[in-house]
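Have a look at the structure below before the remarks.
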Amino acid sequence: QTSPSMAGKEAVVLLLDVGASMCEGDGDRLAFAQKTISKLIESKLLFKPKHEIGLVLFGTQGTQNELQDHGYENITVWQELSTPSLEMLRRIEEIAPERANADFVDALIVGMDMLIKHVGTKKYVKRIFLVTDAGGEVNDDDLTTVVDQFNKMDAALNVIGIDFASDPDDEDDADENTASSSSSSSSSSSSSSSSSSASTSSTSTSSSSSSSSSCSSRRVRSEQKIRNEALLRNIAGQVNGMVVPCSEAIQLLSVFHSKTVLQRTVFRGELNIGGCTRIPMWSYAKTMENKLPSLKKRSRAVEGSDDALPAVRMERTYHSLADPELVIEQDDIQKGYRYGRTLVPFSKVDESLLKYTADKGLDLIGFTRAARVPRQHFMTNVEIFVPPPDDQAAARAMTALVRALQELKMVAIVRYVKRNRSEPQMGVLMPHIKSEYVGLLYARLPFAEDLRHYPFTSLGRSAKQPSKVPTSEQLDAAERLIKELDLSVAGTDEFGDPGEALKPKNTFNPVLQHFYQCVRHRAMNPDTPLPPLDPMIAEYSNPDKRLFSKAKDAIDGFQNAFHFVRAPPKTDAVRTFWSEALVNDIQLDSYMPSSKKQKSDDSEESLTVASLASLSGVSTIGTVTPVEDFQAMLCRRDADLVDTALKQMKERIYQLVNDSIQDQLYNKALSCVQCMREACVQEEEPDQFNEFLRDLRQAYEDKRRDQFWSLIEAARITLISTDETSESSVSPAEAAEFLTSKAMTTEPEPESDKEEEETDDVDDLLDMLE
C-alpha cells in the first residue's frame, strides 16, 4: 500500500521465474505464475492505465539485459517499462518454460537497474513483483547490496510465492524431515538434481507439505527450496516488503477493485461559531457512489481496426412542431415555467437568478441531542471534517469539540455552502473518534419539502386491533431468528475466530464487478458470448447458504409461529371522467324551461376527479362523485382521513337513497356501498361496514326504499367475514346466511303516506327549479 501523499503514477517491474524448477510435474507452477501476472496487468489496464509495467524473465536459456556484460546471465528483459496494453496481456500466454537455472537475487538486481534508469529523478511510486517458486540455485553474495539499494531507492518488494509454506515456522520441521531423507549431495548441486532427490524422498516429508499453498499439487519441498524461501522472507522483512502465497494472490487479484482516488479536499474553510470564533477545517469525501464507467462511442462508418475507429460527438438541433423542417437556433429558444395555465418566460439572465445561491462557508446553527436526528434523514454522501495539517490550534479546538459532543451525546446542526455561488445545505456534524485522528462526520439533512409523510396502519399494542399484537412465543421466534442470522459473528477473522461478515470494505459491487469481468472477456475473446457472473462475486452478493442452513431451525420456527396468507391482487382502479360520472345523476332538463337550460361547451377538456384531487386535497365527500371523493380521501398522504371518509360515506349513502326520485340515484348509492366495503377490507375496518350494512337492512328492507335493499341482495353484498380479514368477528357461515335471513321488521308505513311524501318531494324540487 502506498501513502496518499505519494504521486499517483507507478512504475512496476515484474520478475517471472521460468527456470527448471517451475517446470516440475505438469508445469502447473508456471501456469499459476502466468495467471497471476495476467491478473495484475488486467487490474492496471482497467483502473490505472497510466502506470508503467516492465517484465523480466529469469531462468531463460538466453540472456538479454543491460547488465549481461557483468555476469548476470539467463535473464531476459521481455518487456521494457511502458503503459500496459492489450497486446502485452495477450503475449503473456506465449511465455514458455526454458529449464535454465533461475537466480532471483540476480533478477532483483536487473529489475532495480531498470527502475533506476527509467525513473531517474521523476516522482514515481516504484514497485517490484517477484513471482517464483524459489527452487533454483541462488548466489547470495550480493544480498547486502540488494537490501541497501532497495531502501535507498524507496522501492516496494512483493514476493508471490508458488508452493511456499503458508506458515514460516513449519520450515524448521520440514528441514529436518528433508535432511533425513535427502542424499548427501553438496549444497552446490544443480536445481535439477535437488528436485530429483526431493521427488525420491521418503513419505515422511509429506507432513511438511500439508501446510504449503494449494496453488498446485502438494509436493515434497527440497532443502534448497526451504532455504531460499527463508532467504526471500528475510529480504522482504528488511525492505518492508511482503511474501504472499500464490493462491492468495490470485484470489485477491481476481476481484477488480475500484479505481484509486487521490485524496483531495472538497472544502477548505472555517467553522464559524457566532461570528467571533472560527476553527479552520478541511473536508474530504467519506462515501461516494461509484457508478458504471461510460462507454465510449466510435464510428463504424469508416473502415479500420477497432482500436483506430474515429470518435463521434453528439449534436442537438431544435425544430418547430408546426414546421418540422424549420430549425430553431439556440439563441432563439427561451425557457418558461408553467404557472397554472400560463407559461411564464425567463431569459437566460433570469434563469441564472432563479437558483438561490450563497457564498462559501460553514456556519454553526446550534446543537441538539443525537437521538433527535434520525438515521433515515441522512441524505447524499457523507463527508469528514478534520483540522488542516500542521495547524495545532485548530487540532486542539476540534479535539475538544469532538470529545465534548461524544460525552454529551450531542451533534451540531450547521449551514454548509460547499463553494461560492452554490446552494446552501442544512446538515449535521457528528463526532468521529479514531486512534489515529478525530474528526466530524457530515451528513446532509432534509428540508420540509424533502420529507415524505405516509400514513401506515399502526402496529402498536392496540385494544382496538388485538390481533396485531404478537404473542410471547412469536417474539421469541423473532429474537431467535435474529440471533441465528447475526452477521457480526457469522464470519471469521485472520486468526480463525468468529468475526464480522460482509464488511463494506470487503464487499464489492456485483454490478461493477460483472461489468469489468465482461470488459476483460470481450477484450481477450472478441467473438465469444459474454460470461455469466463470476461465482466468487455471486457468493458474497447473495445470502450465505451456509449461514441460512445453520439457521434452518430458527427460520422454520419463525414460519410456524406466523400464518402468512397471500393477499389477492388488486384490480386497477378505473379512471372516471366528469362526463361519465354525471351519466347516472338527476337529469333536470325535462323539468326546466328551454330558456334556462345550460348550454354545454364541447370544446372544454374532460377533467378527471383524480386530477382535481391532486390539485387540492379532498376532505369532503360530495354527491356528484362520491366514490372518487372517497378514494381520494383514502389516498391522502398528508393526513389520516380513513375514519372521516367512512363516516361521510355512510351519510352520503343515506342521503342518495333518501333523496332519490324513485330509483334515480340507487345505482350510485350501490356503488358507494361496494366501494366502502372494499375499503373496509383493505383498511381492516370490518366492524364499521358490518354495523352499517345491518343498519341499512333495518332502514330499508320491506319498507319505503325496499327496492334499494333488493339491489344490495342482487349484488350479493354481505357482511365481511374472517375469510377476508382476520379483524372480522363474523364467520363465513354467518356472512352467507345474512342475505337469506330476514331482519326483525317494524310496523310498515301506510301506503298512502308513502305516496303523499313522494309527491311532496317532487313538488318541492320543481318549486326550487322554477
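The values are calculated or read from the model by the stated rules, or taken from the named source; none is laboratory data. Treat the numbers as computed from the prediction; the structure is a model and nothing was measured. Note that each Cβ is placed from the backbone with ideal geometry, even for glycine, and that neighbours are counted across all protein chains shown. The protein model used for the area step is the full one, side chains on, heavy atoms only, and it has no ligands, DNA or RNA in it. Shrake-Rupley method; radii C 1.70, N 1.55, O 1.52, S 1.80 Å.
Miscellaneous remarks
- For the range 371-388, the set of residues classified as in a loop (DSSP other than H, G, I, E, B) and touching a residue at least 40 places away in the same chain (Cβ under 8 Å) consists of V373, F378, P387, P388, listed by residue number.
- Screening D106 with (1) closer than 22 Å to Q238 by Cβ; (2) in a loop (DSSP other than H, G, I, E, B); (3) without any contact (Cβ under 8 Å) to a residue 60 or more places away in the chain gives one miss only, at (2).
- Positions within the range 408-437 being open to solvent by 20 Å² or more (accessible area, probe 1.4 Å), farther than 17 Å from T368 by Cα and of a type outside the set (S, T, N, Q), in sequence order: K418, R419, R421, E423, P424, I433, K434, E436, Y437
- Of all residues in the range 109-126, those satisfying the criterion of being open to solvent by 20 Å² or more (accessible area, probe 1.4 Å) and in a helix (DSSP H, G or I) are I109, D113, M114, I116, K117, H118.
- Entry remark, the range 620-648: residues being among the hydrophobic types (A, V, I, L, M, F, W, C), assigned to a loop (DSSP other than H, G, I, E, B) and open to solvent by less than 50 Å² (accessible area, probe 1.4 Å) number 3 in total.
- Taking the listed residues E713, E651, the one that is open to solvent by 40 Å² or more (accessible area, probe 1.4 Å) and modelled with pLDDT of 90 or more is E651, with no other qualifying.
- Boolean, G336 is closer than 23 Å to D450 by Cα, in contact with a strand residue (DSSP E or B) (Cβ under 6 Å, 6 or more places away or on another chain), loosely packed, with under 12 Cβ neighbours inside 10 Å and not aromatic (F, W, Y): no
- Taken as a whole, the range 144-153 holds no residue that is modelled with pLDDT of 85 or more, touching a Gly at 6+ places or on another chain (Cβ under 9 Å), β-branched (V, I, T) and within 26 Å of E52 (Cβ to Cβ).
- Conditions (1) part of a helix (DSSP H, G or I); (2) in contact with a Pro (Cβ under 9 Å, 6 or more places away or on another chain); (3) open to solvent by 20 Å² or more (accessible area, probe 1.4 Å); number of the one not met by D695: (2)
- Filtered residues of the range 1-28 (kept if modelled with pLDDT under 80, in contact with a Lys or Arg (Cβ under 6 Å, 6 or more places away or on another chain) and not in a loop (DSSP other than H, G, I, E, B)): C23
- Selection status of R278, out of contact with any Lys or Arg (no Cβ under 8 Å at 6 or more places or on another chain), within 30 Å of H51 (Cβ to Cβ) and not in a loop (DSSP other than H, G, I, E, B): no
- The set of residues from the range 662-692 being over 22 Å from E713 (Cβ atoms) and open to solvent by less than 70 Å² (accessible area, probe 1.4 Å) comprises E683, E684, E685.
- Some residue of the range 46-59 being open to solvent by 50 Å² or more (accessible area, probe 1.4 Å) and closer than 20 Å to D103 by Cα: no
- In the set L634, L646, L641, L615, only one residue is under 45 Å from the mean Cα position of the chain (by Cα) and at pLDDT below 50; that residue is L615.
- Pairs with Cβ under 7 Å, 6+ apart, first in the range 327-356 and in contact (Cβ under 8 Å) with a residue 60 or more places away in the chain, second open to solvent by 80 Å² or more (accessible area, probe 1.4 Å) and among the basic types (K, R): none
- Cβ-Cβ distances below 8 Å connect the following pairs, each with a first residue in the range 295-311 that is at pLDDT 70 or above, a second residue that is among the polar types (S, T, N, Q) and surrounded by 10 or more Cβ atoms within 10 Å (Cβ to Cβ), and a separation of six or more residues or different chains: L309/S299; P310/S299; A311/S299.
- The range 127-144, subset surrounded by fewer than 13 Cβ atoms within 10 Å (Cβ to Cβ) and not acidic (D, E), residue farthest from the chain's Cα centre (by Cα): N139
- Scanning the range 121-142 for residues that are more than 18 Å from H51 (Cβ to Cβ) and hydroxyl-bearing (S, T, Y) yields T121, T132.
- Residue in the range 343-362 that is closer than 22 Å to M430 by Cβ and surrounded by fewer than 14 Cβ atoms within 10 Å (Cβ to Cβ) present: no
- Top-ranked residue of the range 380-400 - restricted to ones that are in contact with a Lys or Arg (Cβ under 9 Å, 6 or more places away or on another chain) and open to solvent by less than 60 Å² (accessible area, probe 1.4 Å), ranked as farthest from L429 (Cα to Cα): P388
- Residue within the range 74-92 that is out of contact with any strand residue (DSSP E or B) (no Cβ under 7 Å at 6 or more places or on another chain), within 30 Å of P293 (Cβ to Cβ), open to solvent by 30 Å² or more (accessible area, probe 1.4 Å) and of a type in the set (A, V, I, L, M) present: yes
- Residues located in the range 703-717, provided they are part of a loop (DSSP other than H, G, I, E, B) and either under 13 Å from F738 (Cα atoms) or among the aliphatic types (A, V, I, L, M) (or both): A715, R716, I717
- Verdict on I95 being open to solvent by 10 Å² or more (accessible area, probe 1.4 Å), in contact (Cβ under 8 Å) with a residue 12 or more places away in the chain, of a type outside the set (D, E, K, R) and under 20 Å from K35 (Cα atoms): yes
- Scanning the range 325-370 for residues that are of a type in the set (A, V, I, L, M) and assigned to a helix (DSSP H, G or I), we see that the one that is nearest to N272 (Cα to Cα) is A370.
The rows are residues; the columns are (1) among the acidic types (D, E); (2) at pLDDT 85 or above; (3) more than 22 Å from the chain's Cα centre (by Cα); (4) open to solvent by 60 Å² or more (accessible area, probe 1.4 Å).
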residue	(1), (2), (3), (4)
S462	no, no, yes, no
K483	no, yes, yes, yes
V489	no, yes, yes, yes
F495	no, no, yes, yes
P498	no, no, yes, yes
Q513	no, no, no, no
R520	no, no, yes, no
M524	no, no, yes, no
